[in-house]
Amino acid sequence: MLYLSPPHMSGKELEYVKKVFESNYIAPLGEYVDKFEKSIKNYTGAKNSLAVINATAALHLALRVLGIAQNDKVLVSSFTFIGGVAPVMYQGAEPVFIDADAYWQMDVNLLEDALKKEKPKAVILAHLYGQVGKIEDIAYLCKKYGVFLIEDAAESLGALYNGKHSGTFGDFGVFSFNGNKILTTSGGGMLVSDNDKWIKKAKFLSTQAKEPYPWYEHETYGYNYRMSNVLAAIGVGQMEVIEKRVKRKREIFEIYKKELGTIAEFMPEIKNSRGNRWLTTLLFKDKDPFEVMDNLYKHNIESRPLWKPMHLQPLFRNTKSYINGKSEAFFKKGLCLPSGTAMNDDTVRRICDIVKSV
Ligand SMILES: Cc1ncc(COP(=O)(O)O)c(C=O)c1O
């Protein structure tokens, strides 16, 4: 089976994991956790970082540190994956969904409308499919209305706007290293922020909120969210090739665009930005994406519909949303194509031939 975005190792990971075994720091923490956190800081320019078990946990910590609690409203991208929304529910807070714009990212006008009417505490903005939208405008609006901005950069490690990394515009950013992301640690996440007090608090909460006593003393409850040294060693090996991976993802996108540009529209890239093209995603002009998906599957090729917008999910039937119809239309016409960086050009063209033949 040719998967959508399978892991692609650099070749160094096993060596680093071996070092972890030799040191016997198999248990949580150890030098590779520090190294992995440092490599993310160096690469993204974030001042502080915290390695955790996944991006969902990282988002949860951000909300908890910011004091988002029961009955608080959080404005969230509707066109996204549930992992970017579930932490709002963990906190007993109320999500309010904001639809997408022509770049498939959070719509600034709808956001401003909701900021005025809803009096939210925070915004969680997804950089969807590795793309940055109007992030500077959104960061400006959040400041203007006194609302925290959390960037769900789970899919967008390596994406830039005006040379600045996604995940570093807001109060917090989170990255995911799950199995299908541009880099993987098998499962993992990173919380970043320029505010060192917040990251210290998140670290405290991520290790069961233990007070500094010889015994276990607790004034509040925390979570068991820290990343293990073994997985961090994989992350260190992966970070060595991040720019190579972004380059290859973008090359794969260009081949698809050249081959399928007459039968489909591709997710546009906003001026002065560089997406990481985590997945090549398109909107068919005439073809039925589900028929294309079935045909690819018959050839042992995985493809996937776009994210079903949150405001259309049964779970959020009664949730307030600011909608313009865009993400619903994207969902109906769109498809994610295989975008694994180990794939060669001929394989990409073979996929295109099958798509064209449907
Ligand atoms: C937009 C988005 N947010 C959050 C997540 C959750 O990340 P994780 O699986 O690391 O918890 C993912 C991916 O899984 C995602 O694509």
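Quick one: net charge of VAL76's neighbours, Cβ under 13 Å, K/R +1, D/E -1?
With Lys, Arg at +1 and Asp, Glu at -1, the neighbours total -4.
May I ask for the distance between the Cα centers of the range 175-218 and the range 243-269, given as a whole number of Å?
Each part's Cα centre sits 34 Å from the other's.
Subtracting the Cα-Cα distance from 0.36 nm times the residue separation, let me have the gained length for ASP345 to ASP288 in nm, one decimal.
Here the segment from ASP345 to ASP288 would lengthen by 18.0 nm.
Given a Förster radius of 22 Å and the C-beta distance between HIS299 and LYS257 as r, what FRET efficiency does 1/(1 + (r/R0)^6) yield to the nearest 0.05?
E between HIS299 and LYS257, to the nearest 0.05, is 0.55.
Using only DSSP helix segments of four residues or longer, with each worth -39500 (n - 2.57), what per-residue ellipticity at 222 nm results for the chain after dividing by its residue count and rounding to 500?
Result for the chain: -11500 deg cm²/dmol, rounded to the nearest 500.
For LYS326, list the aspartates and glutamates whose Cα falls under 13 Å from its own Cα; do not include residues on the same chain fewer than 8 positions away.
Here the aspartates and glutamates satisfying the reach criterion relative to LYS326 are ASP99, ASP101, ASP107.
Which residue fluctuates the most in the chain, going by a Gaussian network model with Cα springs under 10 Å, if the choices are SER49, SER327, SER228?
Judging by the Gaussian network model, the answer is SER228.
Could you point to the residue in THR220, LEU75, VAL236 farthest towards the positive end of the range 13-239's charge dipole, with +1 and -1 charges on the Cβ of Lys/Arg and Asp/Glu respectively?
THR220
When a/c is below 1.5 the answer is rounded, else prolate if a/b is larger than b/c, else oblate, so apply that to the range 109-264 with a ≥ b ≥ c taken from the square roots of the Cα gyration tensor eigenvalues.
In terms of gyration-tensor shape, oblate.
For ALA27 paired with LEU14, estimate the spin-label separation in nm (one decimal), with each label point 7 Å from Cα along the Cα-to-Cβ line.
In this crude label model, ALA27 to LEU14 measures out at 2.9 nm.
Let me spell out the model: positive unit charges on the Cβ of Lys and Arg, negative unit charges on the Cβ of Asp and Glu, origin at the Cα centre of the range 82-149. What dipole size does that give, in debye rounded to 20?
For the range 82-149, the charge dipole is close to 300 debye.
Using unit Cβ charges (K, R positive; D, E negative) and no other charged atoms, how large, in debye to the nearest 20, is the dipole of the chain about its Cα centre?
Magnitude of the dipole: close to 260 debye.
Each residue of the range 336-349 in turn: what ³J(HN,Hα) in whole Hz from Karplus with 6.51, -1.76, 1.60 and θ = phi - 60°, glycine and Pro shown as x?
Going residue by residue, I get 9, 9, x, 9, x, 6, 8, 6, 8, 4, 4, 5, 4, 5 Hz, with x marking Gly and Pro.
Among ASN272, PRO289, VAL147, pick out the residue whose Cα is farthest towards the positive end of the charge dipole of the chain, where Lys and Arg carry +1 and Asp and Glu carry -1 on C-beta, about the Cα centre.
ASN272
For TYR221 and LYS41 in the same chain, what is the full-extension length gain: residue separation times 0.36 nm, less their Cα-Cα distance, in nm?
Separation in residues times 0.36 nm, less the Cα-Cα distance, equals 62.0 nm.
Summarise the accessible area of the chain (1.4 Å probe, protein heavy atoms) by the percent that is carbon and sulfur.
Roughly 51 percent, rounded to a whole number.
With every protein chain left in place, what is the accessible area per residue of the chain in square angstrom, probe 1.4 Å?
With all protein chains present, the chain gives 43 Å² per residue.
Can you compute 3J(HN,Hα) from phi for each residue in the range 200-215, using the Karplus curve 6.51 cos²θ - 1.76 cosθ + 1.60 with θ = phi - 60°, rounded to whole Hz and x for Gly and Pro?
Values, residue by residue: 4, 5, 4, 5, 4, 5, 6, 10, 6, 6, 7, 6, x, 10, x, 9 Hz.
Taking N as the number of residues in the range 1-155, what is its Cα Rg relative to 2.2 N^0.38 Å?
1.21
Hey, can you grab everything whose amide H is under 5 Å from the amide H of GLU94? Only 5+ residues off in sequence or another chain; H modelled, so Pro and N-termini drop out.
Answer set, sorted by chain and number: ASN71, ASP72, LYS73, VAL74.
Loop-only check: which trypsin sites (Lys or Arg not before Pro) in the range 1-85 are DSSP coil with at most 13 other Cβ within 10 angstrom?
Those satisfying the criteria are LYS47.
With the Cα gyration tensor of the chain giving a ≥ b ≥ c as the square roots of its eigenvalues, does the rule (a/c under 1.5 for rounded; else a/b larger than b/c for prolate; else oblate) give rounded, prolate or oblate?
Cα axes put the chain in the oblate bin.
Rounded to whole Hz and in sequence order, give me ³J(HN,Hα) for the range 118-125 from the Karplus expression 6.51 cos²θ - 1.76 cosθ + 1.60, θ = phi - 60°, writing x for Gly and Pro.
Result, rounded to whole Hz: 9, 6, x, 8, 8, 10, 10, 9.
The values are calculated or read from the model by the stated rules, or taken from the named source; none is laboratory data. This is a predicted model, so every value here is computed, not measured. Virtual Cβ from ideal backbone geometry, glycine too; neighbours counted across all protein chains shown. Accessible surface areas use protein heavy atoms only, side chains included; no ligands, DNA or RNA. Shrake-Rupley method; radii C 1.70, N 1.55, O 1.52, S 1.80 Å.
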